[in-house]
Amino acid sequence: MSLEQDFALAAIDWLAGDPALMAQVNGVFHRAPTRIATPYLLLDDVLATDWGTKDKPGREVRMAFSIRDASQDAHAVSAIAQALEVRLMAMPRDGTGYRLVSLHPLRSRTVRIGEIWLATLDYRARLLAP
């Protein structure tokens, strides 16, 4: 696999391994499931560009997470977003197939679309091959 694919799968597993986060959502997925009750968390997009050095391949990865929730107010989706960020920022630096050099939140947005709250959170990760 590629650095960005290894990292994306590791991020999903890392988030799914957090009991506090999993108590708030019905699952963590890479692509929208066909049938799942809200709230749930998706890793929507993974975009990668070259970030290598002279002696190691590397990637700068942009990840877009989204949270969907059908609560009456934005409190629940905000709590899930906070739990996601806390857990993601604690992700181990060494993984299978990559070395995480840096991880930074870029932007977030919360909107109401019909009956669903949608929060999107974008992160930038810089990875090097181990």
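Bear in mind that the values in this text are calculations on the coordinates, not laboratory data. What you see is a predicted model; the values in this text were computed from it and never measured. When we count neighbours, we look across all protein chains shown, and the Cβ atoms used for this are built from the backbone with ideal geometry, even at glycine.
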**Asked** Using 7 Å Cα-to-Cβ label points, what is the Asn26/Leu118 separation (nm, one decimal)?
**Response** 1.8 nm
**Placed amide H near Tyr40: partners under 5 Å, 5+ positions off or other chain** = Asn26, Arg68
**Request:** Enter the angle in degrees (range 0 to 90, nearest 10) between the Cα long axis of helix 75-89 and the first principal axis of the Cα atoms of the chain, meaning the one along which they spread out most.
**Result:** 20 degrees
**Request:** Provide the gained length on full extension for the span Thr110 to Ala129, in nm with one decimal, where the gain is 0.36 nm per separating residue minus the Cα-Cα distance.
**Result:** 3.4 nm
**Request:** Could you calculate, for region 76-117, the ratio of the Cα radius of gyration to the Kirkwood radius, expressed as Rg to Rh?
**Result:** 1.12
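Specify whether the C-alpha gyration tensor of region 21-78 places it in the rounded, prolate or oblate class, a ≥ b ≥ c being the square roots of the eigenvalues: rounded for a/c under 1.5, otherwise prolate if a/b is larger than b/c and oblate if not.
Judged from the Cα gyration tensor, region 21-78 comes out prolate (a/c at least 1.5, a/b above b/c).
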**Item:** Normalised contact order of region 26-90, rounded percent, pairs of Cα under 8 Å and 6 or more residues apart
**Value:** 25 percent
**Prompt:** Quick one: Karplus J couplings for region 90-107, per residue in order, coefficients 6.51, -1.76, 1.60, θ = phi - 60°, nearest Hz, x for Gly and Pro?
**Reply:** 9, 4, x, 6, 10, x, 6, x, 7, 10, 7, 8, 8, 9, 9, x, 10, 6
**Request:** Using only Cα atoms, tell me the angle between helix 3-16 and the longest principal axis of the chain; keep it within 0 to 90° and round to the nearest 10.
**Result:** 40 degrees
